[in-house]
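The values are calculated or read from the model by the stated rules, or taken from the named source; none is laboratory data. The model shown is predicted, which means the values in this text are computed figures rather than measured ones. Cβ: placed from backbone, ideal geometry, glycine included. Neighbour counts: every protein chain shown. Accessible surface is based on the protein model in full, side chains and every heavy atom, while ligands, DNA and RNA are left aside. Shrake-Rupley method; radii C 1.70, N 1.55, O 1.52, S 1.80 Å.
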Amino acid sequence: MAGKRKFELAWIGDKEETDFESIQISAEDLVACQGEIGDFKLICNKENQPEEINVANIIINLPYQEEPVLEKADSLFSDDYDINEDKPVIILQDYPELSAAVISQAGLEKALEIKDNYPDKEVYYLYQAMRFIEDNDRLYERARESEIIFLKFDLGQLKIIEEEIIHYNREDIDLKLNGNILAAPELKPAKETERIARIFNLADGYKEYLQLDNIYLQPTLSGKRGVYLLKGSRGPTALTYFEEELDFTLNEVSKNLAGVAEIDKYDREVDDQKCILCYTCYRVCPHGAIQRDDELNSMKVMDLACQGCNLCLSRCPTNAIQIEDDYLKIEGENEQDPILIICENSAEIAAEKYNSMVGKDPLESYQKIEVPCVSTVERGQIFEILSKYSSDIMILGCVSEACKHLTGHDRCQQVVERIKEDLEKLEIEQDRVHYERLSPRMAADLGAFLADWKEALKQ
Amino acid sequence: MADYISKLQKLLEEGEFVVCSEMGPPIGADPDFIREKADFLRGYVDAVNITDNQTAIVRMSSIAAAKIAADEGLEMIIQATGRDRNRIGIQSDLLGASALGLRNVLCLTGDHQCFGMDEGAKNVFDLDSVSMLRAARRMVDDGVLLNGKDMDVPPKLFLGGAANPFADPFELHMMKVEKKIEAGMEFIQTQAIYNLEKFDKWMEEMRKRGLHEKCYIMAGILPTKSVKALRMMKKYVAGMDVPDYTIERMDKAEDKKEEGVQMAVDIIKHVRKIEGVRGIHLMPVAWEEITPRVVEEAGLYPRPEVSEI
Amino acid sequence: MIVGKLKDIKEIKDSLPDDIDSLLIAGCGSCVSVSLAGGEREADSLKELLNLYYQSKGKSVSIETETIKRQCDDEFLDELELPVARNQVVLSIACGVGVQHLAINNPGKIILPGLDTTFYGRTSDIGKWEEMCHGCGKCILDQFAGVCPVARCSKSLLNGPCGGSQDGICEVDDSIDCGWQTIYDRAEELGQLENLLDFESPKDWSTYKDGGVRSHKNPEFFQE
């Protein structure tokens, strides 16, 4: 076999010029991705034979699909448009929905280009909102000076009558515009998006793109370490700040190449005798950190990819994934105190803030279990606590779209709901388990909130 | 020697535009229930359907109820459903029906039992409507049961089935209609028609495939006087097409009864002109008493006398 | 694989005898683990829940769990021999096969089911399974473009669809896809629509349980 070369960076989709040793792979050719950050193995289809490419980082840079909004219109991005000598040119932006900001720029440039080439031609520019990025405010000034006719519209004021005729009706203006229409296309996710999501084990994103709406995934991070998302894999607004995002991403790649550390000191071992390859851990892992170990015929947790949320541990049906014992102990002085299971990314931080604001630890008179994510919470564990202790349990997770592990807060909710259902059916202890969500900034709320709960418990 | 299998068949073959109606048996064992209904339908319709545990609600069996009505002088169409009986039961029923002089049978797959009150019942569906038609065809034409055994005297049956011009997707359901005709279906009763445009299109397709000549098509008409009923049918009955203009028309009407009759008559007049439509099938849900009036106002009264077949 | 779901906890609790003093919860590490219903995790959490219940009623019941690889084969049952012996009642959360196999191997012992076995299904998404096969004994998938009319049509029609199929949805429930729509679509893709126009004879149900409770022997292995 030829020397196994490892590339520093792989581009899935379009390639940008960089100083890294990089390789470009088309989304169609990609079949599978194994391994983790620093050591990915991309399996590609080379004339129906698998070819393995070793890379340290991956950028998924898929182009958008452009869907025309009007059949007979040319795309605003096209250089190949029709100009009929006798008729005016109509540029249509923001139809039927608001276009991405960068389209304002493309539209203005196109309008100016046409006016430059055909100075006597009437050029109409129909828009719902003009967004300014960089210097397209100057473009806009120039466009107005060149006597391009700008017509702002709300959707009710615009009707497409026939293929090349637009009826614009607003207050005292009633125009039937008949001419060559250049319309902003609707930007859609690339057609390989679903496939790529499966190959990389990425969760379904926002509006069918690959990136979830989550504060921990800005600007180009995917849930999977070492895999970055640009342009058509992220969403229509990703085009606007493409340059900045590219810079950020390449910077991350540099940092990665300098060295990546494991997220915590715990080893998560899969007992290959117990693992039944049900793929539950693989499917629930929000970070794509689990893959199959072909030699042992069991799953394995990849230490560098793992972000330590423990969802795999808490959901494995055969308890095959183990972690060291001392990891989830209850800390507290008094066994009668209520028990808090707190996420280190929200409640713990909020508590520290409260402490620095007020000079008092709001968690003082509670027994605590500190967890990296409330996805750690398990049914059996909660029932066991309810048996051994007499007080209530409060689980404090993160608010929507602010879970560091993307799905932990919702996963915990599913467990808690099932617990409550069962307790209700058996008519026992139904009010002893509580689940609330917090953001790390809710310090004052945390204090007040815990105080209220304590009062309620007394009764 | 009889030329025709049933009076209904004779009328259709002789080119009459037939009028069928429908009767639901009682949830009980009272034969007078049937006799009363037979009374006011007599003379106004050519043949009457008698449903078979429709929507999986337990009622007096179709054959028993049909016999009671037939004894009152009505031409009856029994229904056989795949949901409740296996191939043995169905063939047995067909033999019994023919022996009792009941000659017209509608072969249906059957509504799922979840629509009735016995959701926990085991369903059968040993035969679907296509298999049932095929089995009946062989019984009638070749004198042979499904298992190949010869019968001493084969049954005499005129075979029909249901079709829904409004079910989507079009191609899928058209495939089923074709199969039923190939299997031996001789007449069709359609789902209730309100959307005339869509019905026209369906008939066009039926004609294009030559199916209107292989099978007598009867247009389903559901006279109603209730806006609520129309709305319910639009919303809840899968495969029913009730256009908004129909609901609006009934809503605006002052005399709902009159409007209901008029609407039914209008639809009848329209379908009568369509090439390939050979009759109507009246299904006045919860308004059976209006049948005579509708028949009269549609200009379809009196009905032709049928002597012996 | 065989798919099942854990019984309603109230139903499980009610099925346990009033005078119970010891309980073994027997889990299974195969199909019901993969369908996230009856594996070691579920056995353990069931134990904790029942513990909590009995504790709240002031009853003293000792509960043990033991999960073996499969409950449908003799050799694995050895591991259960002692736990079964020392417990009054056994609650098995294996599929119906496992429960009965345990019962056959432990005459005189109360073996209760903790799982409702549902169907032979595929995993269509994490936490979601769909019925695919009925074990009819005579596979006809070649005739229906790879989609089984017996298992995926609510009426098992061989000449479908029925009149209740609307926009690809079954009349029984909105959540059920019309099996015949699926058959039609797939046949169209494969250019096999003509096959569907051919009349399909009624199924020979004698290879199904209708022909009698079934068993079979592989002559290459079975020795009288």
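Condition first: over 30 Å from B:GLU14 (Cα atoms), in a loop (DSSP other than H, G, I, E, B) and of a type in the set (Phe, Trp, Tyr). Can you find one or more residues in region B:278-288 that meet it?
Yes, some residue in region B:278-288 is over 30 Å from B:GLU14 (Cα atoms), in a loop (DSSP other than H, G, I, E, B) and of a type in the set (Phe, Trp, Tyr).
Can you tell which of B:ILE290, B:ILE280, B:ILE247 is in contact with a Lys or Arg (Cβ under 9 Å, 6 or more places away or on another chain), closer than 30 Å to C:ASP173 by Cβ and β-branched (Val, Ile, Thr)?
Details: B:ILE290 fails: closer than 30 Å to C:ASP173 by Cβ; B:ILE280 fails: closer than 30 Å to C:ASP173 by Cβ.
On inspection, the qualifying residue turns out to be B:ILE247.
Only one of C:GLU171, C:GLU220, C:GLU200 is among the charged types (D, E, K, R), out of contact with any Gly (no Cβ under 8 Å at 6 or more places or on another chain), within 8 Å of chain B (Cβ to nearest Cβ) and outside any helix (DSSP H, G or I); which?
Working: C:GLU171 fails: out of contact with any Gly (no Cβ under 8 Å at 6 or more places or on another chain); C:GLU220 fails: within 8 Å of chain B (Cβ to nearest Cβ).
Just a single option satisfies the conditions, and that option is C:GLU200.
For region C:125-138, does any single residue satisfy the condition of being part of a loop (DSSP other than H, G, I, E, B), in contact with a Ser or Thr (Cβ under 6 Å, 6 or more places away or on another chain) and touching a residue at least 40 places away in the same chain (Cβ under 8 Å)? Step through it out loud before you land on a result.
Of the residues in region C:125-138, the ones part of a loop (DSSP other than H, G, I, E, B) are C:126-127, C:134-138.
Then drop every residue that is not in contact with a Ser or Thr (Cβ under 6 Å, 6 or more places away or on another chain), which leaves C:137-138.
This time we only want the ones that are touching a residue at least 40 places away in the same chain (Cβ under 8 Å), so: C:137-138.
Within region C:125-138 (the criterion being part of a loop (DSSP other than H, G, I, E, B), in contact with a Ser or Thr (Cβ under 6 Å, 6 or more places away or on another chain) and touching a residue at least 40 places away in the same chain (Cβ under 8 Å)), the answer is yes, since at least one residue qualifies.
Can you tell me how many residues within region C:7-55 are touching a strand residue (DSSP E or B) at 6+ places or on another chain (Cβ under 6 Å), open to solvent by less than 30 Å² (accessible area, probe 1.4 Å) and more than 10 Å from chain A (Cβ to nearest Cβ)?
Here the count works out to 6.
Tell me which residues, restricted to region A:288-300, are open to solvent by 20 Å² or more (accessible area, probe 1.4 Å) and modelled with pLDDT of 90 or more. Lay out the reasoning, then the answer.
Taking region A:288-300 as the starting set, the residues that turn out to be open to solvent by 20 Å² or more (accessible area, probe 1.4 Å) are A:291-297, A:300.
Across region A:288-300, the qualifying residues are A:GLN291, A:ARG292, A:ASP293, A:LYS300.
Take the residues in region B:142-167 that are touching a residue at least 12 places away in the same chain (Cβ under 8 Å) and over 18 Å from the mean Cα position of the chain (by Cα), then tell me which one is farthest from the other protein chains (Cβ to nearest Cβ).
Taking region B:142-167 as the starting set, the residues that turn out to be touching a residue at least 12 places away in the same chain (Cβ under 8 Å) are B:142, B:145-146, B:151, B:154-167.
Among the residues that remain, those that are also over 18 Å from the mean Cα position of the chain (by Cα) are: B:142, B:145-146, B:151, B:154-156.
On the way: B:ASP142: 15, B:LEU145: 12, B:LEU146: 7, B:MET151: 18, B:PRO154: 20, B:PRO155: 19, B:LYS156: 23 Å.
Residue satisfying both the conditions and the ranking: B:LYS156.
Out of A:SER391, A:SER400, I need the residue that is more than 10 Å from every other protein chain (Cβ to nearest Cβ), within 23 Å of A:GLU455 (Cβ to Cβ) and in a loop (DSSP other than H, G, I, E, B). Which one? Walk me through how you get there before you give the answer.
On the way: A:SER400 fails: within 23 Å of A:GLU455 (Cβ to Cβ).
Answer to the check: A:SER391.
Working carefully through the options C:ILE126, C:ILE176, C:ILE140, find the one that is among the hydrophobic types (A, V, I, L, M, F, W, C), more than 30 Å from C:GLN88 (Cβ to Cβ) and within 13 Å of chain B (Cβ to nearest Cβ).
Just a single option satisfies the conditions, and that option is C:ILE176.
Go through region B:15-44 and count every residue that is assigned to a loop (DSSP other than H, G, I, E, B), small (Gly, Ala, Ser) and within 20 Å of the chain's Cα centre (by Cα).
Our first condition is that a residue be assigned to a loop (DSSP other than H, G, I, E, B); within region B:15-44, this holds for B:15-17, B:24-30, B:42-44.
Add one more test, that the residue is small (Gly, Ala, Ser), and what stays is B:15, B:24, B:28-29, B:43.
The next check asks that each one be within 20 Å of the chain's Cα centre (by Cα); those that pass are B:15, B:24, B:43.
Matching residues across region B:15-44 total 3.
What's the number of the only condition in (1) under 21 Å from B:LEU108 (Cα atoms); (2) surrounded by 12 or more Cβ atoms within 10 Å (Cβ to Cβ) that C:GLN192 fails to meet?
All conditions are met except number (1).
Determine whether region C:152-164 contains at least one residue that is under 18 Å from the mean Cα position of the chain (by Cα) and either of a type outside the set (Ser, Thr, Tyr) or away from chain B (no Cβ under 14 Å) (or both).
Within region C:152-164, one or more residues are under 18 Å from the mean Cα position of the chain (by Cα) and either of a type outside the set (Ser, Thr, Tyr) or away from chain B (no Cβ under 14 Å) (or both).
Rundown of residues vs (1) out of contact with any His (no Cβ under 9 Å at 6 or more places or on another chain); (2) of a type in the set (Gly, Ala, Ser); (3) assigned to a loop (DSSP other than H, G, I, E, B); (4) more than 11 Å from chain C (Cβ to nearest Cβ), yes/no style:
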| residue | (1), (2), (3), (4) |
| --- | --- |
| B:LEU172 | yes, no, no, no |
| B:GLU178 | yes, no, no, no |
| B:GLU182 | yes, no, no, no |
| B:GLN189 | no, no, no, yes |
| B:MET218 | no, no, no, yes |
| B:LYS235 | yes, no, no, yes |
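Just checking, which of B:MET263, B:MET206 is buried (at least 20 other Cβ atoms within 10 Å of the Cβ), assigned to a helix (DSSP H, G or I) and touching a His at 6+ places or on another chain (Cβ under 6 Å)? Let's see the steps before the verdict.
Working: B:MET263 fails: touching a His at 6+ places or on another chain (Cβ under 6 Å).
Of B:MET263, B:MET206, the one residue that is buried (at least 20 other Cβ atoms within 10 Å of the Cβ), assigned to a helix (DSSP H, G or I) and touching a His at 6+ places or on another chain (Cβ under 6 Å) is B:MET206.
How many residues, within region B:86-105, are within 12 Å of chain C (Cβ to nearest Cβ) and surrounded by 16 or more Cβ atoms within 10 Å (Cβ to Cβ)? Show your work before the answer.
Filtering region B:86-105 down to residues within 12 Å of chain C (Cβ to nearest Cβ) leaves B:86-88, B:90-91.
Subset that is surrounded by 16 or more Cβ atoms within 10 Å (Cβ to Cβ): B:86-87, B:90-91.
Residues in region B:86-105 being within 12 Å of chain C (Cβ to nearest Cβ) and surrounded by 16 or more Cβ atoms within 10 Å (Cβ to Cβ): 4 in total.
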